[in-house]
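The values are calculated or read from the model by the stated rules, or taken from the named source; none is laboratory data. Predicted model, so just to flag it, every value in this text is computed and none were measured. No Cβ is skipped: glycine too gets one built from the backbone with ideal geometry, and neighbour counts run over all protein chains shown.
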Amino acid sequence: RRGMLPTSASSDVRGVAQPLPRGAAELDREARELFKKSVGAALEARSEFLSEARGKNGAIDVMPPLVFGSVGPWKDSTQAFVGATDPNTRSRGEEMDTEQIARYYSRKLAMLRDAGCDGFAIETLAGSAEARIAAEVAASLDLPTLISFCGLDEEHTTSGERIEDCVAAVLEASAWAGHVHAV
């Protein structure tokens, strides 16, 4: 199946998950507009692709591509180059503020859902702690989800956890809803 990922992973104007201070509501509106434009461009590309894929009889002979909203790690959206994509990350997540992370994913994923994406791609996470929170939030929004990790080597994420343990944690966190379709 084909798919498209709008460049929304780093598009959040304010990644911090604190209550929005005065003036930040305008930034929040700008972030929503950015997501609408990003997802809208991918939806338009999908429509163009499907119109070109129509056969002579008017039927579409291909599966429609999916548009997944891309979301990067919490820390990468709140601080420069210190999150999961930093090759020096060794955090297992125990020091993370789980409420703040949940608010970050709730806000960002809801914006992407409202913009019209078909699902979520939560990408380049360091380990299971953040992935579990992201999976729970994504499941509550009722869209299919793909989660990826940064690898330290063939068997471990950058948090030092075994990849199979991270996958098990994500599947356990979202098992009640069955929304994580790929890890």
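A quick yes/no check of all residues on (1) closer than 20 Å to residue 173 by Cβ; (2) modelled with pLDDT under 90; (3) not in a helix (DSSP H, G or I):
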position	(1), (2), (3)
44	no, no, no
75	yes, yes, no
84	yes, yes, yes
146	yes, no, yes
160	yes, no, yes
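Name the residue that is surrounded by the fewest Cβ atoms within 10 Å (Cβ to Cβ), counting only residues in the range 36-69 that are of a type in the set (Gly, Ala, Ser) and within 20 Å of residue 115 (Cα to Cα).
Within the range 36-69, the subset of a type in the set (Gly, Ala, Ser) is 38, 40-42, 45, 47, 51, 53, 55, 58-59, 69.
This time we only want the ones that are within 20 Å of residue 115 (Cα to Cα), so: 38, 40-42, 45, 47, 69.
Values: 38: 22, 40: 14, 41: 14, 42: 25, 45: 14, 47: 11, 69: 27.
For the range 36-69, the residue satisfying everything is 47.
Please work out if residue 114 is at pLDDT 95 or above and out of contact with any Gly (no Cβ under 8 Å at 6 or more places or on another chain). Quick ask: steps written out before the conclusion?
Working: at pLDDT 95 or above: yes; out of contact with any Gly (no Cβ under 8 Å at 6 or more places or on another chain): yes.
It is true that residue 114 is at pLDDT 95 or above and out of contact with any Gly (no Cβ under 8 Å at 6 or more places or on another chain).
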